[in-house]
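The block underneath contains the structure these notes are about, expressed in C-alpha cells.
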Amino acid sequence: MRKNIVAGNWKMNKTLQEGLALATELNAALEGATLKCDVVIGTPFIHLAAVAAAVNTKVVGVAAQNCADKASGAYTGEVSAAMLKSTGAEYVILGHSERREYYGETSAILNSKVELALANGLTPIYCCGEALDVRNANEQNAYVQKQLEETVFNLSADDFAKIVIAYEPIWAIGTGVTASTEQAQEMLAFIRTLIAEKFGKDMAENTSILYGGSCNAKNAPELFAQPDIDGGLIGGASLKVEDFKAIIDAF
Ligand code: PGA
C-alpha cells in the first residue's frame, strides 16, 4: 500500500550512546503526535537492537543500511538479513549509491540482498539514481530504468509490492544541491510509469517512491506536495531531531 514515508539514513555517524539518545529523543517528540507519514531511522548495524528496544517501533520504524548477500555461514564481518530481522529492524536500505560506489555493489549482488531481505520479512528501501555526468548528458531516465530492470523488476509482483523505492541523484547527496522540485517529480513520475508498464497501473499507484538528496525542512514541503513524491530519504538532516521532525511535519 502506498504510504508517505520519511526515512532517515544516519550513515556512519553516531556512537551507540549518541544514537540511542537521538532515537529516544525522536521517539519522545513523535509519540502521541498526529503524523501524516511513517517514520523510519536507518542506523548502523550495532545500534539496531538497542534502538529497536528503546523506541516504539510503531512510531519510529528501524532500518539497517545494508545486509549480506548470503544467507549465513563463513562470511567474516557480514550481517545477514535474518540477523537484522532478529534485532527488531523492519526495513533495510539497499543499493545506496555510496554502497555501489565505495563497496562495489553490483546489480547481481543487490538482487541477492533484496531477495534475502524479502525472504526474512524486511522491507527493502531500494535506492537508485544517476551521477552528475549522466544527468549532464541527459541520460538519467535510461540509467535509472536500467538500475531497476537489473534488480527489483526481476521480482515477482507479490514481492515487488513489498518494496519502497528511493530516487537519489548522486549529485544531490550531501552536496547541499537539491534536485529541483520539477526534476524530482519528473523522475519519480517516470519511475511510476515504468512500474505501471512492468507490473500494471495498480502496482504503480500503490508503490511508495521517495526522493533523497539534500532534502531539508526548507525544501521538503514543496517536494512532498508533488503528486509522485511520497516522502524522503534523509541523510544529514536526520542527525538532529529538530531538523528531522521539521521534515516529518512537512506533510
Ligand atoms: P543527504 O543524504 O540528505 O545528506 O543528501 C541522503 C542520502 O544519501 O540518503
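The values are calculated or read from the model by the stated rules, or taken from the named source; none is laboratory data. This structure is a prediction, so every number in the text was calculated from the model and none was measured. A quick note on method: Cβ atoms are made from the backbone with ideal geometry, for glycine too, and the neighbour counts reach across all protein chains shown. Ligands, DNA and RNA are stripped out before the accessible areas are found, and what is left, the full protein with its side chains, is counted by its heavy atoms. Shrake-Rupley method; radii C 1.70, N 1.55, O 1.52, S 1.80 Å.
State the Cα centre-to-centre distance between region 214-251 and region 163-200 in whole Å.
15 Å
Take the residue pairs 36/70; 198/245; 14/146; 113/240 and return only those whose Cα atoms are more than 31 Å apart.
Values: 36/70 36 Å; 198/245 35 Å; 14/146 34 Å; 113/240 29 Å.
Those over the limit are 36/70; 198/245; 14/146.
Under 5 Å between amide H atoms, partner at least 5 residues away or on a different chain: which partners does residue 67 have, H built in plane at 1.01 Å?
Amide H neighbours of residue 67, under 5 Å, 5+ apart: none.
Counting only protein chains, not ligands or nucleic acids, how are 208, 214 ordered by accessible area (probe 1.4 Å), most first? Mind dumping the intermediate values first?
Details: 208 5, 214 25 Å².
So, going from the largest accessible area down, we get 214, 208.
Please work out whether region 138-251 counts as rounded, prolate or oblate from its C-alpha gyration tensor, where a ≥ b ≥ c are the square roots of the eigenvalues and a/c under 1.5 means rounded, while otherwise a/b larger than b/c means prolate and anything else oblate?
Values: a/c = 2.00, a/b = 1.64, b/c = 1.21.
Prolate, since a/c reaches 1.5 and a/b exceeds b/c.
Quick one: what are the phi-derived ³J(HN,Hα) couplings along region 154-165, Karplus 6.51/-1.76/1.60 with θ = phi - 60°, whole Hz, x for glycine and proline?
For region 154-165, the Karplus-derived couplings read 7, 6, 5, 4, 4, 6, 4, 4, 9, 9, 10, 9 Hz, x marking Gly and Pro.
Normalised by the empirical 2.2 N^0.38 Å for globular proteins, what value does the Cα Rg of region 1-124 take? All intermediate terms of the calculation are to be shown ahead of the outcome.
Working: Rg = 14.4 Å, N = 124, 2.2 N^0.38 = 13.7 Å.
Normalised Rg, Cα atoms only: 1.05.
Enter the accessible area per residue of the chain (Å², integer; probe 1.4 Å; all protein chains in place). Don't jump to the answer; show the numbers that get you there.
Working: 11070 Å² over 251 residues.
Result: 44 Å² of accessible area for each residue.
When the accessible area of region 5-233 is computed with all protein chains present and a 1.4 Å probe, what percentage of it is carbon and sulfur? Spell out each step's value before the answer.
On the way: 5100 of 9960 Å².
Ligands and nucleic acids excluded, carbon and sulfur give 51 percent.
Quick one: Debye curve from the alpha-carbon atoms of region 108-192 only, equal weights, vacuum; give me log10 I(q)/I(0) at q = 0.25 Å⁻¹ to two decimals.
The calculated log intensity ratios at q = 0.25 Å⁻¹ are -1.24.
Would you mind telling me which residue in 209, 125, 109 has the biggest mean-square fluctuation in a Gaussian network model of the chain, where springs connect alpha carbons within a distance under 10 angstrom?
109
Determine the gain in length on full extension of the stretch residue 159-residue 142; use 0.36 nm per residue of separation and subtract their C-alpha separation, reporting nm with one decimal. Let's see the in-between values first.
On the way: separation 17, 0.36 × 17 = 6.12 nm, distance 2.37 nm.
Gain on stretching residue 159 to residue 142: 3.8 nm.
Determine, for each peptide in 161-171, 16-26, the mean count of other beta carbons within 10 angstrom over its residues, then list the peptides with the highest first. Working shown, then result.
Working: 161-171: 22.2, 16-26: 17.4.
Descending packing order for the listed peptides: 161-171, 16-26.
List, largest first, the extents of the alpha carbons of region 5-233 along their principal axes, each in whole Å.
Each principal axis gives a Cα extent; for region 5-233 these are 44, 43, 33 Å.
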